[in-house]
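Have a look at the structure below, then the notes.
The values are calculated or read from the model by the stated rules, or taken from the named source; none is laboratory data. Because the structure is predicted, anything quoted here is derived from the model rather than measured. FYI the Cβ positions are ideal-geometry reconstructions off the backbone, even for glycines, and counts take in every protein chain you see.
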Amino acid sequence: MILNELANQVKNLKGSRTEDIRRNRTKNLILWAGIGSVVGVAAGILFAPKSGRETRQIIADRTGQTAKNLKDKVAAAKEK
């Protein structure tokens, strides 16, 4: 009886440790993916073949287009 309880406690500790390790791995993956994305965007902007003014204008135009497309799609979805 005591051995069964001890075995159950060990099993529970092992399971919770496995969950903690899995959570930490997920957090680290998300963190490093975010850092990599920021570094990639920064490198892309720094080494872009166009000037900063042109690049900012392109980004602004594409952002505006994306926002307009999103609004149109939301409006279309509401109509349906």
Being at pLDDT below 90 and surrounded by 10 or more Cβ atoms within 10 Å (Cβ to Cβ) is the requirement here; does residue 22 meet it?
yes
So which residues in the range 44-80 are among the charged types (D, E, K, R), surrounded by 10 or more Cβ atoms within 10 Å (Cβ to Cβ) and part of a helix (DSSP H, G or I), if there are any at all?
54, 56, 61, 62, 68, 71, 72, 73
